[in-house]
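What follows is a short report on a single structure.
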Amino acid sequence: MPRLALDVLPPAVRQRIERIYEDAEAHPQDASAAGRLAMALHAHEQYQSADAVYQRARQLDPASFAWAYLHGLVQTRLAQWRAAATSLRRALVIDPGYVPARVALADALLQDAELDAARREYAALVQDYPKLALAHYGYGRTTAVLGDSAAALEHYRAAVKWAPQFGMAHYALALTYRAAGLPDRAATHLDAYRRLGARRPALADPARERVHAYRSTARDLIDAGARLEEQGLVDESIGRHLEALEADPVAAQAHVNLISLYGRRGQMDAAQRHYEAALTLQADRAGAHYNWGVLLARERRVDEAAEVFRRALNVSPFHPQAHNNLATLLAAEGKLADAATHYRQAIANDPGYRVARLNLGRVLIALGRPREAAEQLERLVALEDNDTPRVKHALATAWLAAGDLSKARKYCEQALQAARRLGQTELAAKIEQDLERMPRQ
């Protein structure tokens, strides 16, 4: 084993890695012992040391997918793109169907300026997984470098369509629209990027999660739980958050997150226990109130939910989601003017909050202010995502109420096409009926 420089690590972490190191030294022919040490180093960003130890694990067990794949990931951290591509190709010989390794290989080839090879890898991913936003984004980046701006635009749009929270894809799309002379569309996606930052969609990656498990502070465990939730692994996420509370019983954010996690499992009693615990610890009280309010609204406990959303706003008056959800409850009770006020506050606090602006447009239509509604809804049409059919359908309704049949029919037809394209069959049937009933000029 190589000698390790661990002085930069906190004492508890250093002691844990030293124990793993001693085990690896005591079993010099055990690939698993070397692999555990490499993962511990990898988890704590000791990439140079992890590189050497993964190499040792691979020598001891050349048939291991994990050691080849994780070694490739460390090599990307060290900007050793060609070596990373070699390691990742070896991993894919062992397990050709592991999608995160395929994405990592394509990314490494792009970074190494192996553009034709990268394009082939991304193209194969797009063909095999048409809804994989990371593949579309990488394909877009590659074709942009190769000078094919039309293909780049197509794939950036697909990346945003399948992962609306993909901040970097919004940024790339904004730059592409700007270069194409479409500043309004560029501005829409720049706003999304400012709101989302460098966020990327999560990709289920059990091998990488084995690495994250070696980060054992409560904060690390909460972060790992959040990643698992993004991947739809709710039970595993609950487990990580409970481990965080074992590591630190006053880790308040774990309680806040567990409110919604247990709610997704329908375990309201457990969710309520964590809600009360979060309030006791003076945690993110606005977040705790908000998460509990969402569950109450889902259970149709409307009055209780509205009260809890108001508590969230008392703690954090600028909480856009609490404003939006309270407005939705008010609108359902027919309190449209009050609902509009809260929708406007949600938008003021988060101008890129698409759902709140769509909801405001619908309420303004109901209030008999269709042109004002159309003005709000027109701001949403530049961005295409799963909400596009509803946005354009609402716009058609607004223009019909305003007496502009030409615009009403145009947006209704566009809404119908978008709904069919996205497979939203029930909405498509409703839009088709509205289109048939719409008077002609």
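The values are calculated or read from the model by the stated rules, or taken from the named source; none is laboratory data. Predicted model only: the values in this text are computed from it and were never measured. With ideal geometry, Cβ positions are generated from the backbone for all residues, glycine too; neighbour counts draw on all protein chains shown.
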> Can you tell me how many residues in segment 400-410 are farther than 14 Å from ARG362 by Cβ and assigned to a helix (DSSP H, G or I)?
Replying inline: 7
> Could you count how many residues in segment 318-340 are under 25 Å from the mean Cα position of the chain (by Cα) and in a loop (DSSP other than H, G, I, E, B)?
Replying inline: 2
>> Quick check on segment 210-219. Is at least one of its residues without any contact (Cβ under 8 Å) to a residue 40 or more places away in the chain, surrounded by 20 or more Cβ atoms within 10 Å (Cβ to Cβ) and under 22 Å from ALA40 (Cβ atoms)?
In response: yes
> Hey, does segment 181-192 have a residue that's hydroxyl-bearing (Ser, Thr, Tyr), within 19 Å of LEU110 (Cα to Cα) and either buried (at least 19 other Cβ atoms within 10 Å of the Cβ) or out of contact with any strand residue (DSSP E or B) (no Cβ under 7 Å at 6 or more places or on another chain) (or both)?
Replying inline: no
>> Quick check on this structure: which one of ALA40, ALA63, ALA26 is surrounded by 19 or more Cβ atoms within 10 Å (Cβ to Cβ), of a type in the set (A, V, I, L, M), modelled with pLDDT of 90 or more and touching a helix residue (DSSP H, G or I) at 6+ places or on another chain (Cβ under 9 Å)?
In response: ALA40
> Mind checking whether some residue in segment 247-256 is in a helix (DSSP H, G or I), within 22 Å of ALA66 (Cβ to Cβ) and either basic (Lys, Arg) or at pLDDT below 90 (or both)?
Replying inline: no
>> Just to be sure I understand, how many residues within segment 20-46 are within 14 Å of ARG3 (Cα to Cα) and under 33 Å from the mean Cα position of the chain (by Cα)?
In response: 4
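Every residue, every condition in (1) farther than 20 Å from ARG185 by Cα; (2) touching a His at 6+ places or on another chain (Cβ under 9 Å), yes or no:
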{"position": "PRO389", "(1), (2)": "no, no"}
{"position": "LEU395", "(1), (2)": "no, no"}
{"position": "ALA401", "(1), (2)": "yes, no"}
{"position": "ARG409", "(1), (2)": "yes, no"}
{"position": "ALA415", "(1), (2)": "no, yes"}
> Across segment 212-230, what is the total count of residues that are more than 18 Å from PRO10 (Cα to Cα) and among the aliphatic types (A, V, I, L, M)?
Replying inline: 4
>> Which condition from (1) among the hydroxyl-bearing types (Ser, Thr, Tyr); (2) closer than 19 Å to ALA84 by Cα; (3) surrounded by fewer than 24 Cβ atoms within 10 Å (Cβ to Cβ) is the one that THR143 breaks?
In response: (2)
> Quick check: anything in segment 116-130 closer than 20 Å to MET39 by Cα, in contact with a helix residue (DSSP H, G or I) (Cβ under 8 Å, 6 or more places away or on another chain) and hydroxyl-bearing (Ser, Thr, Tyr)?
Replying inline: no
>> Quick check on this structure: which one of ALA169, ALA174, ALA207 is crowded, with 18+ Cβ neighbours inside 10 Å and outside the structural domain of ALA152 (by TED's automatic domain parsing)?
In response: ALA207
